[in-house]
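Since the structure comes first, as structure tokens, the remarks are kept for the end.
The values are calculated or read from the model by the stated rules, or taken from the named source; none is laboratory data. These numbers were taken from a predicted model, which means no experiment stands behind them. Positions of Cβ are backbone-derived with ideal geometry, glycine not excepted, and every protein chain shown enters the neighbour counts.
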Amino acid sequence: MELYKKLVSKLINIIALSTILIIVVFFWVINHDKIWTPELEDPILEWNPYDLVLNNSDVPNEVKEGFLLLDSSSIYMGPLNKDPKLRYSGNNLSCTNCHLNGGTKSGAAPWFGIIDRFPQFSGRSNKVGTLFERINGCMERSMNGKAFPKNASQMKKMIAYIEWLDYGIPKLNSKKISGYPSIEIPFKAVDKKVGEEIYLRECVVCHGKNGEGILYQDSKKGYQYPPLWGNDTYNDGAGMNRVLTAAAFIKNNMPYLQASWENPKLSDEEAYHVAGYINSFPRPSKKNKEMDYPDKKLKPISTPYGPWSDNFSSEQHKYGPYPPMIEYYKKTFGIKKSK
Ligand code: HEC
Ligand code: HEC
């Protein structure tokens, strides 16, 4: 009996000791990992296109030209280009008005790592599409223009820049938040009156009373503050014309220079109301929108134009409330909707 007791207490000691050992090793591994990945702690470099791209002799010319197409789109491929044959975008926006800081800002659908993510399935066309086709999607909708033909040199240059981001300045962002961090969807419809109040308080100084934006003093340079509605901005087939997508962009990026995904200024609900407000005004119309999303189940619920594979009204698709729709798609099709 005595022997048995001794054996048991030895066994307990051994178990206790090995548990302590395991815990020690565990924490050592975790901390060890931390010590050996210092690049995660690197400060985020400032985005200065002159130092980083344009006046940088390490950057190939093709990449510099791609940057100019993306960052001064109106001049290089839009209405401000003197040669009508080179005008592909139909409004005076730049790609980088929405993909901020030259497409490097986390939480503003940055282009880091995107080369590896394409080809990728697109519900809008119900097939696997290339990066070329994805950019043409933004050309025809966000830029209210036309698609580039195969082999267009402009497209090659834009993609060269996007590719260069990954090896040219990979440390610009320590945390790469792709797309837009989504908002918590309110259980109510957009209140345009509330949206207007927020707009007048937070947005009107830069984007104007009629959403018309502000041109540079030298108007040949295009917009300093881009328009949000009217005939010189994204058309009604663009992602930004969906309330949930616009709300996520706004929450993580606007007001300009005051908000980031890490440090937003508006609440989810404020971003939602103001997104509904800016999208309540007229804007250019995209043709053949009814052809989008051949499989209608895959259409984002806040797409404001039909047809849909449900019986909710077009008003509800445009302004919510969305939770009943989310519930419907989950129950009927087993699809989880977030935008
Ligand atoms: C009016 C705003 C706007 C403009 C201007 C715009 N885009 Fe976009 N772009 C979007 C939105 C919205 C998305 C979808 C983001 C999401 O839902 O995560 C997107 C997505 C993309 C994607 C895929 C991103 C990803 O993470 O999968 C690429 C690439 C892209 N745009 C390139 C461009 C290029 C190149 C231009 C100029 C020719 C351009 N965009 C102009 C709003 C815009
Ligand atoms: C201090 C000026 C300023 C304020 C305030 C501001 N914005 Fe912007 N906004 C900008 C600039 C500049 C851009 C383009 C960013 C770039 O090119 O780097 C932009 C881009 C946008 C875009 C995408 C481009 C487009 O034309 O559609 C939207 C949408 C937008 N802002 C909405 C808002 C909303 C909503 C508010 C208020 C909550 C707001 N902004 C407040 C300056 C501002």
(message) Anything in region 233-272 that is more than 13 Å from the chain's Cα centre (by Cα) and more than 10 Å from ligand 2 (Cβ to nearest atom)? List them, or say none.
(response) ASN235, ASP236, GLY237, VAL243, GLU262, ASN263, PRO264, SER267, ASP268, GLU269, TYR272
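Matching residues to (1) acidic (Asp, Glu); (2) in contact with a strand residue (DSSP E or B) (Cβ under 6 Å, 6 or more places away or on another chain); (3) under 30 Å from LEU80 (Cβ atoms):
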| site | (1), (2), (3) |
| --- | --- |
| ASP236 | yes, no, yes |
| MET254 | no, no, yes |
| LYS289 | no, no, yes |
| ASP292 | yes, no, yes |
| LYS296 | no, no, no |
(message) List pairs: first residue in region 247-276 and on the phi > 0 side of the Ramachandran plot, second residue at pLDDT 95 or above and more than 10 Å from ligand 2 (Cβ to nearest atom) anywhere in the structure, Cβ distance under 8 angstrom, at least six positions apart or on different chains.
(response) none
(request) Could you tell me which of the residues SER72, SER89 is under 22 Å from LYS220 (Cβ atoms) and in contact with a helix residue (DSSP H, G or I) (Cβ under 6 Å, 6 or more places away or on another chain)? (result) SER89
(request) Only helices (runs of 4 or more DSSP H) wholly contained in region 79-156 count here; list those with 1 or more residues that are at pLDDT 95 or above. (result) 100-103, 131-140
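Restricting the search to region 194-237, which residues are small (Gly, Ala, Ser) and touching a helix residue (DSSP H, G or I) at 6+ places or on another chain (Cβ under 7 Å)?
Hits for region 194-237 are GLY195, GLY211, GLY213, GLY222, GLY237.
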(message) Would you confirm, using the coordinates I've provided, whether LYS286 is under 22 Å from LYS188 (Cβ atoms) and among the charged types (D, E, K, R)?
(response) no
(request) Of the conditions (1) of a type in the set (S, T, N, Q); (2) more than 19 Å from TYR277 (Cβ to Cβ); (3) under 21 Å from the mean Cα position of the chain (by Cα), GLN217 clears all except one; give me its number. (result) (3)
(request) Tally the residues that are of a type in the set (Lys, Arg) and either at pLDDT 90 or above or in the same structural domain as PRO321 (by TED's automatic domain parsing) (or both), restricting the search to region 172-192. (result) 2
(message) Just to be sure before I move on: is LYS34 at pLDDT 90 or above and not small (Gly, Ala, Ser) in the structure I sent?
(response) no
(request) Test each condition in (1) in a loop (DSSP other than H, G, I, E, B); (2) among the polar types (S, T, N, Q); (3) within 17 Å of GLN316 (Cα to Cα); (4) within 14 Å of ligand 1 (Cβ to nearest atom) for ASN235 and report the one that comes out false. (result) (3)
